[in-house]
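Student: The structure is given below, and queries will be raised subsequently.
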Amino acid sequence: MSHLIFLIILFPLIGVITNTFFTRRWSEAAIGIFSSAMVGASFVLSVAAFISLLGMEASARHIEQVLFDWIRVGSFHAPAALLVDTLSCVMILTVSAVSFLIHIYSIGYMHGDTGFRRYFIFLNLFVFFMLLLVLGSNFLVMFIGWEGVGLCSYLLIGFWYTDEVKATAGKKAFIVNRIGDFGFMLAIFLIWTTFGTIQFDEIIPRMASFPIGSSVITAICLLLFVGAIGKSAQFPLYVWLPDAMAGPTPVSALIHAATMVTAGVYMVARSHFLYSMAPAALEVVAIVGAGTAIFAATIGLVQNDIKKVLAYSTVSQLGYMFLACGVGAYGVAIFHLMTHAFFKALLFLGSGSVIHGMSGEQDIRQMGGLKTKMPKTYWTFLVATLAIAGIPGFSGFFSKDEILWKTFEGHHYVLWVVGVVAAFFTAFYMFRLLYLTFHGKFRGSKSQEQHVHESPSSMTVPLIILAVLAAIGGYVGLPAALGGSNHFEHFLHPVFAGGHAHLLLGGAHHGVEPVEYIVMLISVIVALLGIWLARSGYFRMASWPGKLSKGMIYTTVLNKYYVDQIYDVGISRPTVKFSEIMAEWFDLGVIDGLVNGVAAFFNWVAGWLRRLQTGFVQNYAILMGAGIILVLASLFYKMFF
Amino acid sequence: MLLTFSIFIPTLAGLIILFVPRKMEILQRSIALIGTAVAFALTVVVFIGFDGSTSNYQFEENWTWISSLGVNYHLAVDGISLFLVLLTTFLSMLCIISSWGSVKERIKEYHFFLLLLETGIVGVFCAMDFFLFYVFWELMLIPMYFLIGVWGGPRRIYAAVKFFLYTMTGSVLMLVGILYLYFQSIDPITGGHTFDILTITNQCNFPMGTQIWLFLAFGIAFAIKVPMFPFHTWLPDAHVEAPTAGSVILAGVLLKMGTYGFLRFCLPMFPGASLKFVPVISVLALIGILYGALVSMVQKDIKRLVAYSSVAHLGFVMLGMFAMNLQGMAGSLLQQINHGLSTGALFFLVGVIYDRRHTRLIEDYGGIAKVMPLYASLFMIVMLSSIGVPGLNGFVGEFLILLGTFKANMAYAVFGAAGVIFAAVYLLWAYQRIFFGKIVHSVNEKLRDCSPREAFILIALIIFIVLIGVYPEPFLSRMEPALQAVLNRVQDANAMVP
C-alpha cells in the first residue's frame, strides 16, 4: 500500500487534466460520470488504505510515501510526502465519500449550465487539494492543500461570475482566508526555526526539550489557530462564509459545510502534539470555539434565506469542534467533524433540492407545505435536522453530546453552559427552518406552485445515502456510557497518544460516571425545548415571533450585529482612502515633484549657462585666457608648495 | 564561444535586418525571430552543460582587449547569472513573436533596437570585466530609450527622458565606483591595474569607511534600476508608455540588472558595508512591498497597476537577498526569475487587450470573461502565480524569501508576510473589474479571444510557471553553490568585525 498512496490524490488530478484538455466534445452525462468516477476511485483506494491499516498493529498504523524532494535549500527541506495514519484515514474516507455523493448530485443539479465542464474541473481540483491537505506529512504540503482548496472555493463561489455580487463574495472569501494564511505561514516559519524541521513525525521527538506552556510553542499554536480561524470561519474571520453561499448549492454542501471549512479543525487536531504543550493556546481555542458556536447560532435564529441559516449553523457547529479541541478532546472533534459532514452535506443538498424545485427561490418565507410535493427531500431533510438538533439515536447526538460531556468533565463549566445554550438555539433554528419550508401552507407565487416538483433521482439517491449515514453514522463512536465501546476513539487513539495522552481521552478509560447521564439528559431536554418553541412559533403560528421582530435586538441580530459594516467602515474604506492619498499625493506629488523639480532646476541653470555662449569671439578669448591662467596657477601652486 | 554567440547573434540579426528592403516585412520579422531563437537555443545548451555542483564560473572566455588599460573581453556564467541569461533570451524570443501582429510601424528599426537590447542585457549578465560590463550597461540604455520614445504612447517623450535621466544618474555614480576599484586593483600578471571582476572581487578588502562609500556609489545605481522605493517613479511612466515588448523586457529582465548588481558586486565586494546596510535595505524593501501593493490597488490603468506590483515584488527580492542566509537568497534569486515570467506574462496579457481596444483603463472593460474565456483562464493562472498561490512559481520564491527573512529578523518577516495579503487584494479586485460582471461597454461584446500566436506565448510562459512551482529543484540546486560562495564572503566579513 505504501507505494500506492499517491493514487488517492492522482485520480482527481487526472480528472482535472482530462476535463481541461480532452472532454470539450463530451456530453454532460459523460463528463459528470467520468469526474465522479475519479473521485469514486479515490474513495475505493481510501477504503483499501483503511483496510490495510486495520491489518496492522494498532501502534504501527502509519504509512508514509515520499514522492520527491520539493524544496531543499541549505538546511531547509520540504519533501512532497504523504502520510496515512488513522487520523488522515478518517479524513480521506469522509472527504472522498461525501465528495463522491456530491459529484453525483451535481450531475443533476448543474444540468444545462453553460459552465458544466468548468464546474467539474473545479470540483475535481478541489478534491485533489483537499486530499492533499489531509494526506500531507508536513506543514508545507498541508499548506499547499490549504491554499489550493481556498483557491477552488474562490473559483466556485464566483462560479456564476457574470453576477457581480457572486464574484465579490468569492473575492472576499479569498482575501479573508489570506489573513488567516498569514498566521499559518508565520507558524510554519516559527516551527522551522524552533525545531529545524516541518515534518510532523520529526517534530514530536524534538518537543522533549520544551517545557509545558513554553512561550514559543504557545506562539506557534496561536499563529496556527489564526489560520484555522480563517479557513474554518470562526470569529472574527467568519464573515466570508455566509457570503460564500453565492456559489452553487452542491459547492456549499461540499466545500462550505462538509470538508474545506473543517480543515482548520483537522489542522489543530493534527498539531495536537503542539497544542497539548500549550494550555494557554488551548484555552483560546476553546473560548473562540464556544463563543463562535453561540454567536453564529443567534444569527441563525432570524435568517430567512434557507442557505444563510445553514451557513450560520455551519459556523456554529465548527465552533463546537474547536471547543472539543480546546478541551483536549481531539478525537471527539474529528468525530463531530465526520457526523457533521454527513448531516450538514445532507441539509445543504436538501436545500439545493428545494431551491431547484422552487425555481431558484431561497427565501423560506416564500415556501411552506413542500412536505407533500417533495417527499424524499422532506424525509431526508428531517433526518438531518434531527441529527443536528441532537435527538438521541441520530449521529449528531453522539458527537455533540460527547463534546459537551468532555467540556463538562474538564471543569470548563462556563463553556459547557454556553455550549448547551447554543444547542438549544440550534434545535430552534433548525426546526424553524423545517416548519417554514415543509409544513403549513404554500406561500410562494402561483407559477412557483405549479412548477414545484421532486428532484431527479441523481439528486435524491445521494440524499438517501447521506440520510442513512446521518442517522447511523454515530454508532461507530457509541460511548461506554451507552453500552458502546467507542471504536472511533480507539481507532484514533494511536495518533493522539503520540503527544500527551494523559491530557486527553479521559472518558474512554475511566469508568462511567453517573453525572455523565445527567449531562446527557440536560442536552436532550434542551434540544426538545428548542423544538417545542419552534413548533409553537412556526407550526402552530403563535403570535410571539411577530411581536419579537419589532424589537431592536431582533434588528441587530438580523443585521448580523453589523460586523460587516464595521469592517467596511473601519478597515476597507480607510485602506482604499489611504492608498489613494499615497498614489496621488505622495507618489505623483512628493517624489515625482522632487524629480521634476531637479530636472527643472537643471533646466534653469542651463538657461543661465547658455547666456555665456554669446557668439562673440572676444568673450570666448577672455574666458579661455582666464582658464589658462587658472590651470597654470594651480600647476605653480603644486610645484612650489 | 557559446556566450559570445548568445550575446552577438541577436545584434548580427539586427544588422542584417537593416539591409533588408523596407517592404519585406515578413523577412525582417523572420530574421529577428531566428536570431532570438538561436540565441535562446544556445543558452539552453549552456544550461544543459552547466555543472550545478560548483560555484565556479563556467563557459569562460577571456581575451585581452586593451592591454594598456588592463581591459579584457572576459565572459562567464555561474549559478546566479545562468538563469537571468536564460530568462532574457527566452523573453526576447517571445517578444519578437508578440510584436508580429501588434507593431506595424518602422518594423526594421524596431527589431534592430529590440535585438540590440538583448545583446546589451545578456552582455551585462555575462561580463566578467568591469569595462565590458559598463559598455553593455550603457549599450542597453540606448535601444530602450528609443523603444519607449518612438513606439510608445502619448507621453512617451517624457517617460523616455525620465527613464534615461534616472538611469544615467545611477550609472555615473557607478562609473566613479568602478574607476576607484580600478585604481586600487593590481593585475597579478602585469602588475598594472585591471578591470577584471574576479580579480577585483578577490582583492576587495577595504576599510569600512571606504566600503560604505563604494556601496553607496554602486547601490544607488542598482537601487534605481531595481527600482527600490523611493527611486521607483520612473517605472510606472516607462511601463505605461512603452510598447508591449518594451514593458516585458523592462519588467522581465531590465529590473533584474539592479538586483543582479547587488548580488554580484555589492555583497561580495563590500560585505562589511552590505551587513551595515541590512536594516536600511530591508526597511526600504518592506516599504516597497506594502507601498507598491497599496498604490497598485487604486490604479485605474492596468499597466500602471502591474508596474506598481513590480515595485512590491522587487521589494520581496531585495528583502530576501539581504536576509543574508541561503534560504532568503535562493528565494530572492528564484523570485527574480518568477517575476520575469509572471510579470512578463502579465504585460503580454495587457498587450492582448490593448491591441484590440487601444485602452488600458480598467473601467473600459468588465465582464469580458464571457467573450474571451481562454484569455480569462490564462490571465487567471498568471495572476495566481503573481499572487503566490502554492503549486505555481511565485509561492516557492516568496516562501523561501519570507522563511529566510524570518530566520534573520522576525519583525521584517511579519511585515513582509502582510504584503502577501495585499497582493491578493489588488490583483483579484482588478481581475474582477476586468473579467467579471456583465459586459457594460457594447464594444467589448465582439472582442476576439486569444489568437493561436498569443496563446502560444502565454502557454510557453505558463509551462515554466507551473514547472517551477511543482518542481523547483533543478533551479534551486544549480543556484545554491554560487549563492553559498557569496554568502561565505559576507560571513567572513562578519567574522572579522569584532
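Read the figures in this text as sums done on the coordinates, not as results from a lab. All values reported here derive from a predicted model rather than from experimental measurement. Glycine gets a Cβ as well: all are built from the backbone with ideal geometry, and neighbour counts include every protein chain shown.
Student: Which percent of the Cα-Cα distances in chain B go past 39 Å?
Tutor: Within chain B, distances greater than 39 Å cover 18 percent of Cα pairs.
Student: For a quick protection proxy, order the peptides A:597-605, A:377-385, A:485-493 by their average other-Cβ count within 10 Å, most packed first.
Tutor: By packing density, highest mean first, the sequence is A:377-385, A:485-493, A:597-605.
Student: I've got another one for you. Name the residue farthest towards the positive end of the dipole of the range B:277-490 from the options B:LEU305, B:ALA408, B:PHE316, assuming +1 on Cβ of Lys and Arg, -1 on Cβ of Asp and Glu, about the Cα centre.
Tutor: Sorting the options by dipole projection puts first B:LEU305.
Student: In addition: How far, in degrees from 0 to 90, does helix B:326-357 lean away from the longest principal axis of the Cα atoms of chain B, to the nearest 10?
Tutor: Helix B:326-357 sits at roughly 30 degrees to that axis.
Student: Where a ≥ b ≥ c are the square roots of the eigenvalues of the C-alpha gyration tensor, would you call the range A:513-586 rounded, which needs a/c under 1.5, or, failing that, prolate if a/b is larger than b/c, or oblate?
Tutor: Judged from the Cα gyration tensor, the range A:513-586 comes out oblate (a/c at least 1.5, b/c at or above a/b).
Student: Using mean Cβ contacts within 10 Å as the protection proxy, how do A:132-139, B:178-185, A:115-122 order, highest first?
Tutor: With the highest mean Cβ count within 10 Å placed first, the list reads A:132-139, A:115-122, B:178-185.
Student: Grab the beta carbon distance between B:ILE157 and B:ASN62, set R0 = 35 Å, and tell me the FRET efficiency rounded to 0.05.
Tutor: Rounded to the nearest 0.05, the efficiency is 0.25.
Student: Follow-up. Which value in nm describes the separation of the simple spin-label points at B:SER30 and A:ASP564, placed 7 Å from the Cα toward the beta carbon?
Tutor: Each label point lies 7 Å from its Cα, and together they span 6.1 nm.
Student: Rank-order A:238-244, B:432-438, A:404-410, B:409-415 by packing density, defined as the average count of other C-beta atoms within 10 Å over each peptide's residues, highest first.
Tutor: Those peptides, ordered most packed to least, come out A:238-244, A:404-410, B:432-438, B:409-415.
Student: Looking at the range B:222-344, what % of the alpha carbon pairs are farther apart than 26 Å?
Tutor: The share of Cα pairs beyond 26 Å in the range B:222-344 comes to 15 percent.
Student: Distance between Cα centroids, the range B:265-298 to the range A:424-439: provide it in whole Å.
Tutor: Between the Cα centre of the range B:265-298 and that of the range A:424-439, the gap is 58 Å.
Student: Is any residue of the range B:264-288 close enough, with backbone N under 20 Å, to a label point placed 7 angstrom from the Cα of A:PHE586 along the Cα-Cβ axis, and if so, which?
Tutor: B:279-288
Student: Using a 10 Å cut-off around each Cβ of peptide A:577-587, what is the average number of partner chain Cβ atoms that fall inside?
Tutor: The mean count of partner-chain Cβ atoms within 10 Å per residue comes to 5.
Student: Could you line up A:TYR567, A:TYR330, A:TYR109 from fewest to most neighbouring Cβ atoms inside 10 Å?
Tutor: Going from least to most buried by this count: A:TYR567, A:TYR109, A:TYR330.
Student: Compactness ratio of the range A:6-558: Cα Rg over 2.2 N^0.38 Å, N = residue count?
Tutor: Output field value: 0.92.
Student: Could you work out the per residue convex hull volume over the alpha carbons of the range B:425-476, in cubic angstrom?
Tutor: Spread over its residues, the Cα hull of the range B:425-476 gives 115 Å³ apiece.
Student: On alpha-carbon atoms, Rg over Rh for the range B:149-189 using Kirkwood Rh?
Tutor: Across the range B:149-189, the Cα-based Rg/Rh ratio is 1.36.
Student: Would you mind calculating the gained length between B:ASP187 and B:THR4 on full extension (0.36 nm times residue separation, minus the Cα-Cα distance), in nm to one decimal?
Tutor: 63.5 nm
Student: Here's something else I'd like to know. How well do other chains shield peptide A:67-80, expressed as the mean number of their Cβ atoms within 10 Å of each residue Cβ?
Tutor: 6
Student: Right, here's the next one. Two-decimal Rg/Rh of the range A:524-641 from alpha-carbon positions, Kirkwood Rh?
Tutor: Taking Rh as the inverse mean 1/r over Cα pairs, Rg/Rh reads 1.73.
Student: Can you find, among A:PHE343, A:THR259, A:HIS453, the residue sitting farthest towards the positive end of the charge dipole of chain A, where Lys and Arg contribute +1 and Asp and Glu -1 at Cβ?
Tutor: The one lying farthest along the dipole's positive direction is A:HIS453.
Student: Over the Cα atoms of the range A:29-112, each weighted equally, I'd like the Debye log10 I(q)/I(0) at q = 0.16, 0.17, 0.20, 0.21 Å⁻¹, rounded to two decimals.
Tutor: For the requested q values the scattering log ratios are -0.76, -0.80, -0.91, -0.94.
Student: Could you give the distance between the Cα centres of the range A:102-146 and the range A:512-560, to the whole Å?
Tutor: When both Cα centres are located, 37 Å separates them.
Student: Over the whole of B:287-293, what's the average partner chain Cβ count within 10 Å per residue? Rounded to a whole number, please.
Tutor: Taking all residues of B:287-293 together, the mean is 1.
Student: Which angle between 0 and 90 degrees, to the nearest 10, do you get for helix B:452-470 versus the longest principal axis of chain B when only C-alpha atoms count?
Tutor: Helix B:452-470 and the main axis of chain B meet at about 50 degrees.
Student: Given 20 °C and 1.002 mPa s, compute D for the range B:190-294 with the Stokes-Einstein relation, Rh being the Kirkwood radius over Cα pairs; round to the nearest whole µm²/s.
Tutor: 141
Student: Here's a follow-up. Residues in the range A:134-160, backbone N under 19 Å from the label point at A:SER75 (7 Å along the Cα-to-beta-carbon vector): list them, ranges by number please.
Tutor: It comes to A:139-140, nothing else.
Student: Any chance you could list P(r) for the range A:97-193, counting all Cα-Cα pairs in 10 angstrom bins from zero, rounded to whole %?
Tutor: All Cα pairs considered, the percentages come to 15, 39, 31, 12, 2, 0.
Student: In addition: Based only on the alpha carbon positions, what is the Kirkwood hydrodynamic radius of the range B:130-215, in angstrom?
Tutor: Radius from the Kirkwood sum: 15.0 Å.
Student: So how strong a dipole does chain B carry about its Cα centre when Lys and Arg Cβ are +1 and Asp and Glu Cβ are -1, to the nearest 20 debye?
Tutor: So the magnitude is around 1460 debye.
Student: If you don't mind, there's one more thing I want to ask. What is the pair-distance distribution P(r) of the range B:277-490, computed from all Cα-Cα distances in 10 Å bins starting at 0, with each bin given as a whole percent?
Tutor: Per 10 Å bin, starting at 0, the Cα pair percentages come out as 9, 34, 32, 17, 7, 1, 0.
Student: How big is the charge dipole of the protein assembly as shown about its Cα centre, in debye rounded to the nearest 20, if each Lys and Arg gets +1 on its Cβ and each Asp and Glu gets -1 on its Cβ?
Tutor: 2920
Student: Put a dot 7 Å past each Cα toward the Cβ at A:VAL66 and A:ILE33; how far apart are the dots in nm?
Tutor: 4.3
Student: What FRET efficiency comes out for B:PHE47 versus B:THR201 if R0 is 30 angstrom and r is the Cβ-Cβ distance? Round to the nearest 0.05.
Tutor: It comes to 0.80.
Student: Give the calculated FRET efficiency between A:LEU4 and B:GLU445 to the nearest 0.05, with a Förster radius of 51 Å applied to their Cβ-Cβ distance.
Tutor: Efficiency at R0 = 51 Å is approximately 0.50.
Student: So what does log10 I(q)/I(0) come out to for the protein assembly as shown at q = 0.07 Å⁻¹, using the Debye formula with one equal point on every Cα and no solvent?
Tutor: For the requested q values the scattering log ratios are -0.70.
Student: Short version: ³J(HN,Hα) in whole Hz for each residue of the range B:258-271, in order, from phi by Karplus 6.51 cos²θ - 1.76 cosθ + 1.60 (θ = phi - 60°), x for Gly and Pro, what are they?
Tutor: With the stated coefficients, the range B:258-271 comes to x, 5, 4, x, 4, 6, 7, 10, 4, 5, x, 8, 10, x Hz.
Student: Please report, in whole Å³, the volume per residue of the convex hull around the C-alpha atoms of the range B:56-213.
Tutor: Enclosed volume per residue, from the Cα hull, is 134 Å³.
Student: Could you give the nm distance between label points at B:TYR73 and A:ALA606, where each point is 7 Å from its Cα heading toward the beta carbon?
Tutor: Simple spin-label model gives 3.6 nm for this pair.
Student: As a check on your grasp of the helix formula, calculate [θ] at 222 nm for chain A: sum -39500 (n - 2.57) over DSSP H runs of n ≥ 4, divide by the residue count, round to the nearest 500.
Tutor: That comes out to -22500 deg cm²/dmol.
Student: Turning to a different aspect of this structure: Against the longest principal axis of chain A, how steep is helix A:86-109, in degrees 0 to 90 to the nearest 10, with axes from Cα atoms?
Tutor: 90
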